[in-house]
1. Do we have A:K157 as more than 8 Å from every other protein chain (Cβ to nearest Cβ) and either modelled with pLDDT under 95 or more than 17 Å from the chain's Cα centre (by Cα) (or both) here?
2. Can you name the number of the only condition in (1) over 12 Å from B:A12 (Cα atoms); (2) out of contact with any helix residue (DSSP H, G or I) (no Cβ under 7 Å at 6 or more places or on another chain); (3) surrounded by fewer than 18 Cβ atoms within 10 Å (Cβ to Cβ) that B:D178 fails?
3. Somewhere in the stretch B:145-154, is a residue outside any helix (DSSP H, G or I), within 13 Å of chain A (Cβ to nearest Cβ), within 22 Å of the chain's Cα centre (by Cα) and farther than 30 Å from A:L165 by Cα?
4. Could you grab me the full set of residues in the stretch A:169-186 that are of a type in the set (V, I, T) and at the interface with another protein chain (Cβ under 8 Å from one of its Cβ atoms)?
5. Please find, within the stretch A:35-54, the residue that is farthest from B:F186 (Cα to Cα) out of those that are surrounded by 15 or more Cβ atoms within 10 Å (Cβ to Cβ) and either more than 8 Å from chain B (Cβ to nearest Cβ) or modelled with pLDDT under 95 (or both).
6. For the stretch B:94-105, check the following and say yes or no: at least one residue is within 11 Å of chain A (Cβ to nearest Cβ), on the phi > 0 side of the Ramachandran plot and not basic (K, R).
7. Could you list, in sequence order, the residues of the stretch A:1-34 that are under 13 Å from the mean Cα position of the chain (by Cα) and either crowded, with 17+ Cβ neighbours inside 10 Å or farther than 22 Å from B:R10 by Cα (or both)?
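The values are calculated or read from the model by the stated rules, or taken from the named source; none is laboratory data. Nothing here was measured: the structure is a model prediction, and the numbers come from that model. All Cβ positions, even for glycine, are placed from backbone atoms using ideal geometry, and neighbour counts span all protein chains on display.
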Protein chains: 2
Amino acid sequence: MEFKDIVQNRFATKFFDTKPIPQQKIDELLDLIRLAPSSFNIQPWKIKVITDHATKEKLAPFSWNQPQITTCSHLLVFCANTDIMHNILKLEKMLDPQAQGYVDMMKGFAQSLSHEQAKSWAQRQVYLALANAINGAKYLGFDSCPMEGFNAEEYSKILHLPSNLVPTALCPIGYAADVARPKIRFTKEDIFF
Amino acid sequence: MEFKDIVQNRFATKFFDTKPIPQQKIDELLDLIRLAPSSFNIQPWKIKVITDHATKEKLAPFSWNQPQITTCSHLLVFCANTDIMHNILKLEKMLDPQAQGYVDMMKGFAQSLSHEQAKSWAQRQVYLALANAINGAKYLGFDSCPMEGFNAEEYSKILHLPSNLVPTALCPIGYAADVARPKIRFTKEDIFF
């Protein structure tokens, strides 16, 4: 499927048919997510992958009981990682020593942010990874539903997340049991100027 | 080009060769951006498209003089639109009257946000549109460079932006005059849990 067709045909699936996605397809999707770009390549994200039905059932009431949570094959919980410096130090070990100037620039950037700014910044990056999940799902032959309507604090508790991980968006994936409605978008003239 | 190859082959281009992208390709890219998903489908973004060299030259010093700004074919300035209610009222006119419950939910959401929260929320959505620009460019046969390193206030002044539009990310596009370096990413085990 061409990228143009992916973009036109993906839709926010409201009901999945509970059929599991084969592991090989999941592995391909996770690679597409992992390769997403991020500012400075800091990759300030971690993604919890949930297949266990009991956990989905626990999370459902904190997601407005939306049926995607319990009918999906895999529930991806996209978390922003606010411990930016930790990621920079990991990157420093992976980069050529000649990149030290770049590493120092990243460190300066991280130190310049308040906790709230670091959280907002990391959350923005998460949406680049989320976009690859959404488009990647359609490319690999299944469906997805990006969701923000959930209680992040309760998710953190149920999933025992450390305090540096902030649940930011959900992306249940699976095979749609509903059909796409026509896309409604503002006109080109309205968006571009 | 398959989506997998797009994701693997796109890279943050540091130098473009100044050759203009044909208008037809630009139109296709803008459609891919326009079709991006957003929370509630509120599409809280506007994108300034700059081809004029004099404007690029004015913006360059406020973008750390990075050569992408002046060597690209088109400079896309992705702005978050903090006037969320305005978009909801536009959507209300486009939606079926039966969707009134949904419209009221959107209005309640918009009213629940402080100005700062509305800005952060809108900025997050912008990255979904930005992702389509990045992947779309490679799909259409050219290159891009997502950038956050610029002075948003000076951009607003130079571009005479109204106060509800917050420049959030740049995406210069064009034909790369450099080559991709190997992708460095954290391992699957490090990202997914």
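1. So A:K157 passes the test.
2. (1)
3. First, the residues of the stretch B:145-154 that are outside any helix (DSSP H, G or I): B:145-151.
Those left that are additionally within 13 Å of chain A (Cβ to nearest Cβ): B:145-150.
Cutting the leftovers down to within 22 Å of the chain's Cα centre (by Cα) gives us B:145-150.
Now drop any that are not farther than 30 Å from A:L165 by Cα, which leaves none.
No, there is no match, as no residue in the stretch B:145-154 is outside any helix (DSSP H, G or I), within 13 Å of chain A (Cβ to nearest Cβ), within 22 Å of the chain's Cα centre (by Cα) and farther than 30 Å from A:L165 by Cα.
4. Result: A:I184, single match.
5. Looking at the filtered set, the residue picked out is A:I50.
6. In the first step, residues of the stretch B:94-105 are kept if they are within 11 Å of chain A (Cβ to nearest Cβ); the result is B:94-96, B:99, B:105.
Okay, now just the ones that are also on the phi > 0 side of the Ramachandran plot, so none.
The answer is no, given that none of the residues of the stretch B:94-105 is within 11 Å of chain A (Cβ to nearest Cβ), on the phi > 0 side of the Ramachandran plot and not basic (K, R).
7. A:L29, A:L30, A:L32, A:I33, A:R34
Here is a yes/no grid of residues against (1) under 26 Å from A:A133 (Cβ atoms); (2) out of contact with any helix residue (DSSP H, G or I) (no Cβ under 8 Å at 6 or more places or on another chain); (3) among the polar types (S, T, N, Q); (4) at pLDDT below 95:
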| residue | (1), (2), (3), (4) |
| --- | --- |
| B:K119 | yes, yes, no, no |
| B:R124 | yes, no, no, no |
| B:A152 | no, yes, no, no |
| B:A169 | yes, no, no, no |
